[in-house]
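The values are calculated or read from the model by the stated rules, or taken from the named source; none is laboratory data. Since the structure is predicted, the reported quantities are computational estimates derived from the model, not experimental observations. Glycine gets a Cβ as well: all are built from the backbone with ideal geometry, and neighbour counts include every protein chain shown. Ligands, DNA and RNA are stripped out before the accessible areas are found, and what is left, the full protein with its side chains, is counted by its heavy atoms. Shrake-Rupley method; radii C 1.70, N 1.55, O 1.52, S 1.80 Å.
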Amino acid sequence: MDRFEYMEARLCEGENYIKRDKNVKLYDGDDKTQYVDGEVVLTSHRLLWGKPGDIPKGLICLSLYLYYVFCLEEENGGVFGLGGPKRIILHLGPALPGKRPGPAVISTYHFIKLSFKDGIDAAFYKALSDAVANKLWERQPLETNAFSSPTMSPRTSVSPIGAKIRSGIVGIERSIEEQQKATDESISVAFKDLKKLMEKAKDMVSISKTISTKIREKQGDISEDDTVRFKSYLMSLGIDDPVTRDAFRSDSDYYVGLAQQISDMMVAVLMDTGGIMSLADVWCRVNRARGLELISPEDLLNACKLLPTIDAPMCLRKFPSGACVLQLNSHRDEEVAKTTSQLIEENGSLTPIKLSQIENVSVLLARERLFTTERLGLACRDESIEGLAFYPNLFLSKV
C-alpha cells in the first residue's frame with residue numbers, strides 16, 4: 001500500500017480513460033485494509049480507487065501508477081479454489097523517491113490484491129494486462145502540476161526515470177525472497193520477545209518462592225483462606241528451576257531427576273485429590289507448573305516408572321482396563337471400596353458419571369473405583385442398553 005498516492009481524481013494531459021469496475025476491496029499483501037466496497041478506474045497510466053461517487057466528482061482518491069506493476073495474476077476464491085477468480089494480484093516494484101503521501105508510509109508486502117465482490121470482469125482484467133504491457137508512460141510521461149492539491153508537494157514528472165522495473169519470473173522470485181526476508185525478521189523479533197518473557201517468568205518464580213517462605217514463617221498471622229489462596233497463586237506461577245534434559249548426560253539420569261521433581265510437587269496435590277490422579281491429569285499439572293519447559297507424555301511415563309527406585313511416597317499404577325494413574329503408597333483399595341460401597345447404598349445405585357460428580361473426580365477414576373469395589377465383592381455390576389450401573393451386593397446382607 002505504500003505505492004499508492006493521494007491525488008485528485010482527474011485525468012492528466014496525455015492520460016486516457018480505459019475501464020471501470022465497482023464493489024472492489026483493497027488488500028495490502030494478504031492483510032485486509034479499510035478500503036472496501038469502492039470503485040476502481042483504470043487509465044492508460046494509473047489505477048484509481050475511491051469511494052462510490054468520489055471519482056466522478058474529482059475528489060481525493062488513491063492513485064497507483066502502473067509502472068510499479070511488473071506482474072499480475074488471478075487468484076481463485078471460494079472453498080478449494082472453486083467459484084471462479086475473485087481477486088487480482090498486482091506484484092509491485094519498490095517505491096520511487098519523491099512519491100506523494102499515501103495511505104501507508106511503508107509496507108512489508110510487495111504486492112496488493114484487488115478483490116471483486118461480483119467476480120473479476122474478464123474485460124477489465126484484459127484491459128489492465130494490456131495497459132501494463134503497453135507502458136504508455138514511457139512514451140508519454142504525465143505532467144501533473146496543474147492537477148496537484150495545494151497541500152501536496154509538486155512533482156513535474158511521474159515517469160520512473162532511472163527506475164528498475166522487474167518483470168517476468170526473475171522479478172517474482174526476487175519479490176518472494178524479499179517477502180521471506182521480512183518474515184524472517186518478524187520471526188526473529190518474536191523470539192526476542194519470547195526470550196524476554198522467559199526471563200520475566202524466572203523472576204516471577206523467584207518471587208513466588210519468597211512468598212512461600214514468608215507464609216511458612218508467619219503461618220499464625222495469616223488466615224487459612226489467605227493461605228489457600230496464596231498456594232493456588234504459587235502453583236500457577238510454576239516450579240523453580242525445572243529439570244531439563246540439557247542438564248544431564250544420559251536419559252536415565254534425566255528421568256531420575258524428573259521423577260524426583262514430580263514426586264516433590266505431586267505429594268500435596270495427590271493428598272488433596274484423595275490419593276490418586278489419572279496420568280493425563282498429572283501431565284497437565286506438571287506442565288502447567290513447569291511453565292515454558294514442557295515435557296512429553298512419554299517422558300512423564302518413563303519418569304513415573306522410576307518412582308519406586310527413589311523411595312518416592314507414590315507410584316505408577318496400571319488398572320486391568322489399561323488406565324494409568326499416579327497414587328500415593330498409602331492409598332488402599334480396601335478403604336476406597338468400602339467408601340464407594342457406602343455411597344452406592346446411600347444412592348441405591350451409581351454410574352461412573354454420577355460418582356464422578358459426587359466425589360469430584362474424573363469419570364475414568366470413578367469407573368475404576370466402581371470396578372475395584374466390584375472385584376472386592378462389595379458391589380454388583382449391571383450392563384444394559386441404558387449403560388453401566390453398580391448396585392449394592394445384597395448377598396452380603398440378605399443371605
Net charge contributed by nearby residues that have their C-beta within less than 14 Å of Leu307 (K/R +1, D/E -1): 0
Expressed as a whole percent, how much of the Cα-Cα distance distribution for segment 1-141 exceeds 26 Å? 16 percent
Simple label model, 7 Å out from Cα along Cβ direction - Tyr6 to Arg375, nm: 7.8 nm
Mind giving me the FRET efficiency for Lys117 and Glu298? R0 is 56 Å, r the Cβ-Cβ distance, nearest 0.05 is fine. 0.65
Residue-wise HN-Hα coupling along segment 361-378, computed from phi with Karplus coefficients 6.51, -1.76, 1.60 (Hz; x: Gly, Pro): 10, 5, 4, 4, 5, 4, 5, 5, 4, 5, 5, 5, 4, 5, 4, 8, x, 9
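Can you tell me the length gained on complete extension of the stretch Lys126 to Ile89, counting 0.36 nm per residue apart and subtracting the Cα distance?
12.0 nm
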A correct Karplus calculation of ³J(HN,Hα) over segment 258-265, with 6.51 cos²θ - 1.76 cosθ + 1.60, θ = phi - 60°, whole Hz and x for Gly and Pro, returns 5, 4, 5, 5, 4, 4, 5, 8
Show me, for segment 44-49, the HN-Hα J-couplings you get by feeding each phi into the Karplus relation (A = 6.51, B = -1.76, C = 1.60, θ = phi - 60°), rounded to Hz, glycine and proline as x. 5, 10, 9, 10, 9, 10
What residues have an amide H closer than 5 Å to that of Arg20, excluding those fewer than 5 places away on the same chain, when H is modeled at 1.01 Å from N in the peptide plane? Leu42
Which GluC sites (Glu not before Pro) does segment 1-65 hold that lie in a coil by DSSP with at most 12 other beta carbons within 10 Å? Glu13
Within segment 272-359, what whole-number % of the accessible surface is contributed by carbon and sulfur, with the 1.4 Å probe and all protein chains included in the calculation? 50 percent
Highest to lowest packing among 86-99, 321-334, scored as the average C-beta count within 10 Å: 86-99, 321-334
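Given 0.36 nm per residue, what is the gain on full extension from Asp37 to Lys305 after removing their alpha carbon distance, in nm?
That works out to 90.2 nm of additional length.
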Cα-based Rg then Dmax for segment 294-355, in Å, read 15.5, 44
Inter-site label distance for Glu13 and Ala182 at 7 Å from Cα along Cβ, in nm: 3.7 nm
Mean Cβ count within 10 Å, highest first, over the residues of peptides 62-71, 389-398, 295-304: 62-71, 295-304, 389-398
Ranked output for segments 309-315, 127-133 by mean other Cβ atoms within 10 Å, highest leading, reads 127-133, 309-315
Label points 7 Å out from Cα along the Cβ direction at Asp30 and Ser321: separation in nm? 4.4 nm
List the residues, sorted by chain then number, that are 5 or more residues from Arg46 or on another chain and whose placed amide H is less than 5 Å from its amide H. Leu66
